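Please treat every number below as a calculation from the coordinates, not as lab data. The structure presented is a predicted model; accordingly, all values stated were derived computationally and were not measured. Using ideal geometry, Cβ is built from the backbone for each residue, glycine included, and neighbour counts are taken over all protein chains shown.
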Amino acid sequence: MSEQVIIFDTTLRDGEQSPGISLDQGEKLEIAEQLARLGVDYIEAGFPIASQGDFEGVRAIAESVGRSTPARTAPVICGLSRTALKDIDRCWEAIEAAESRRIHTFIATSPTHMEHKLRMTPEQVKAEAASAVTHARAYTDDVEFSPEDASRSDFDFMCEVLQIAIDAGAGTLNIPDTVGYATPVEWGERIRAIRERVTGDYVISSHCHNDLGLAVANSLAAVQAGARQVECTINGIGERAGNAAMEEIVMAIRTRPDIYLDMEVGIQTEELAKSSRLVSRLTGYPVQYNKAVVGRNAFAHEAGIHQHGVLRERTTYEIMDPSAVGAGESQIVLGKHSGRAAFKDTLQKMGIDIHGDALQSAFERFKELADRKVQLTDADLEALVVEEMGGSVDHAFELVSLATAGGSVGTGNTPQADVVLLVEGEKHEAHAEGDGMVDASCQAIRQATGIEGRLTDYTVMSVTGGVDALADVALSFETTDGLKVSGRGLSSDVVEASARAFVAALNKVVRVRASGEDPNAVVRPGSLDFKL
Ligand code: KIV
Ligand code: ZN
């Protein structure tokens, strides 16, 4: 028989308290509706006494999301309230319209909060806890009590207050690590010790902040120690360094049933990625790339060994199925660490079937480009393969190196180029000047190959946008005896792309002269079978 771990979402209350976040009513409703689709058990919709906007937001959520529809069961709608009786009245007014509602009342129990913030004696704090819970119970059976700053509270005193709350009728004791001070073993022990000390029929809950980056670890330690409710937010948003991230807690419990024995969470995990995107978009808080479960790199593999493994069997490097959290498929990201298997697989998914020497030379060019560019897009790859397919048919000439100089604006210097070409396997060097770097490079290449003629057309395109885009140069060349050929070149540098395009065109001259084939055939992925 499995035990339920209640997911208490506080994205719209503690999450909304993050600096710079201010959601309007429509946005709160959109998030609340998505939380209901996600299947959270409780939505803490706000702090109604805090402002008119907060009050109206909570009431709107109670009236709509707090009611079941044929498609989903309504979550319980909760409002936060201090122990002042007027706070509790206002809270009730805001949540009353919901099908099921909870009042969450809190008061600090740590010495520093009692002395400096509340300016109350411990006796006054005990009295406040008793009257608040009693008052809230007059409205609803579902009352939660929190001793704020529990991790820095005197254990005996805090347990006294908790016992008072239970005796007054609270059904849930939420233990907050308000300032993110606790560590996992300590937090687990504190939760266990409270359960041993405080008597009665209640659910114990954990509410962790992330100041030391331990909010999720502490929440999970609490679950192992008997907590059956965790308070958390989507993407871990919240005061300062945030709250415990719901997606991480849920997926830890789901992924490790051997640790969280017979525990269940009622979350539709396929809605996690969507919920994360929605919260990020509406709050303006970006999700870090490497964020667990919902970060854009959470299921992306770049290292060659990892890519090879994942392509053979996903579980070699993935402990969760990306589709289980609504993140689609594992992603193979092509970059400088990628291997041939991933390169080939990506091309195949793009409909380009390439084998043998063509695959090898395209892969070598890819590695060379990837070293200069952070990540290659599909468009970059397609352009690269087109270039290689054109070039791999005949390689009379191969560009070994190109160095250009001069031509800076306003210097009056003449642009110059030095090239080294392999001509039928032998190194040829040439130096030339020109009207610009591209012209100088083409003159030098012409000298090294000994093929005379003129450029009849020259186009440069950027394969993708951005300053690091690849330049794709297409040019036409006509030899002095009237043979017309074209060539294409690709590089992160436009002069190099031009030189490559020119070499490709001259290779075609050699090939056409040898075979008499049509010089103007352009090979494109999808238009021809690439199998060589
Ligand atoms: O962090 C905290 O102590 C809180 C309480 C109101 C539960 O958010
Ligand atoms: Zn909090």
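Of note:
- Paramagnetic label zone (point 7 Å from Cα along Cα-to-C-beta, Ala403; backbone N under 20 Å) in region 439-460: 439-449
- Ascending count of other beta-carbon atoms within 10 Å, so fewest first, for Met437, Met246, Met461, Met350: Met461, Met350, Met437, Met246
- Residue order, fewest to most surrounding Cβ atoms within 10 angstrom, among Asp262, Asp154, Asp89: Asp262, Asp154, Asp89
- Rounded to 0.05, the FRET efficiency of the Glu196 and Ala127 pair, given R0 = 25 Å and the Cβ-Cβ distance, is 0.45.
- Beta bridges assigned by DSSP with both partners in region 52-188 are antiparallel in approximately 5 percent of cases.
- Among the listed pairs Lys274/Lys349; Lys126/Lys291; Lys117/Lys274; Lys291/Lys344, those beyond 32 Å (Cα-Cα): Lys126/Lys291; Lys117/Lys274
- For the chain, DSSP calls about 50 percent of its internal beta bridges antiparallel.
- Calculated [222 nm] ellipticity per residue, helices only, for the chain: -12000 deg cm²/dmol; basis is -39500 (n - 2.57) per DSSP H run with n ≥ 4, divided by all residues, nearest 500.
- Which of Phe145, Phe157, Phe343 has the fewest Cβ neighbours within 10 Å, and the rest in rising order: Phe157, Phe343, Phe145
- Candidate lysines for bridging to Lys427, where Cα separation is under 28 Å - those fewer than 8 sequence places away on the same chain excluded: Lys367, Lys484, Lys508
- With 0.36 nm allotted per residue and the present C-alpha distance subtracted, the Leu483-Arg312 stretch has 56.7 nm of extension available.
- Taking the C-alpha atoms only, the angle from helix 494-515 to the longest principal axis of the chain is near 50 degrees.
- Potential lengthening between Glu99 and Met1 on full extension [0.36 nm per residue; Cα-Cα distance subtracted]: 32.5 nm
- Net length gained if the chain between Glu63 and Asn297 were fully extended (0.36 nm per residue, minus Cα distance): 80.4 nm
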